[in-house]
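Q: Have a look at this one.
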Amino acid sequence: MATFYKPNAGFKRDLLKPGDIFINTSTFKPAHCGIVVDGLDIIHATGKGIVSTDIDLWGNEADVFRPAPVLGKDEAGQVTNIAVEIKASATYGITRAGIKSTFSTHNVGGGTRARLEKYRERLKNDQGVVKHVYCSELVILCYQLAWIAGDAVNEGHRLFINLDGKHTWPSTLRRYLKGNNNWTFLGEYAA
């Protein structure tokens, strides 16, 4: 099965980079997302747990987003290391996905900041970042926790995703990225 990207003719699989975000467009417009890590795997939260899937096995159409300008090697490492740490310690949060993301606001507030500080402290002490997570929350946390200034999460960093991951659907994340000048829509991936 060939891999192609649209609408950017000539955009090739090998041009994907760690830190790129995939958001499905094939079901529920869109319903699932993940983050590209080294080796062109995608880490994403599913009902089977937090898994790493080869890009060629993603299996669904997805919009692909990349930070602009492109992440440097150290920045990409920061973001993808968070994804790997979440994968190692978390389980799929079905309640978060079904209830909390539906009936709460996705705006960043005091609850978001308190959770991020708790997760930052766990990260610093190698305790496992978060216990339960769903797909868009995983992606958002990678871009929030990667930017730590001193002893605090750096909300002013240009790539800090200013959404409450615990209460954000993939479709909301997609709208946020499309409307943010710090992100580039690369095109649609299809396998």
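Q: Could you work out the relative contact order of the range 43-95, using alpha carbon pairs under 8 angstrom and six or more residues apart, expressed as a whole percent?
A: Reported as a whole number, the value is 58 percent.
Q: Something else: Mind checking the full-extension length gain between VAL70 and ALA149? Use 0.36 nm per residue of separation minus the Cα-Cα distance, one decimal, nm. Display every interim value, and only then the final one.
A: Values: separation 79, 0.36 × 79 = 28.44 nm, distance 2.05 nm.
Net length gain for the segment: 26.4 nm.
Q: Cα to Cα, under 19 Å, and not fewer than 8 places away if on the same chain: which aspartates and glutamates meet these conditions relative to LYS178?
A: List returned: ASP20, GLU61, ASP63, GLU137, ASP164, GLU188.
Q: Using the Cα atoms as the points, what is the convex hull volume per residue of the range 137-191 in Å³?
A: Details: hull volume 5.3 nm³, N = 55.
So the per-residue hull volume is 97 Å³.
Q: Taking 7 Å along the Cα-to-C-beta vector as the label spot, tell me the LEU40-LEU15 distance in nanometres, rounded to one decimal.
A: A separation of 1.3 nm, rounded to one decimal place.
Q: What figure, in Å² to the nearest 10, do you get for the accessible area of ASP54 with a 1.4 Å probe and non-protein molecules left out?
A: Ignoring ligands and nucleic acids, ASP54 comes out at about 50 Å².
Q: May I pose another question? Could you tally the net charge around VAL70, taking each other residue with its Cβ under 14 Å from the Cβ of VAL70, Lys/Arg +1 and Asp/Glu -1?
A: Value of the local net charge: +1.
The values are calculated or read from the model by the stated rules, or taken from the named source; none is laboratory data. Owing to the predicted nature of the structure, the values given are computational and were not obtained by experimental measurement. With ideal geometry, Cβ positions are generated from the backbone for all residues, glycine too; neighbour counts draw on all protein chains shown. The area values use the complete protein model at the heavy-atom level, side chains included, leaving out ligands, DNA and RNA. Shrake-Rupley method; radii C 1.70, N 1.55, O 1.52, S 1.80 Å.
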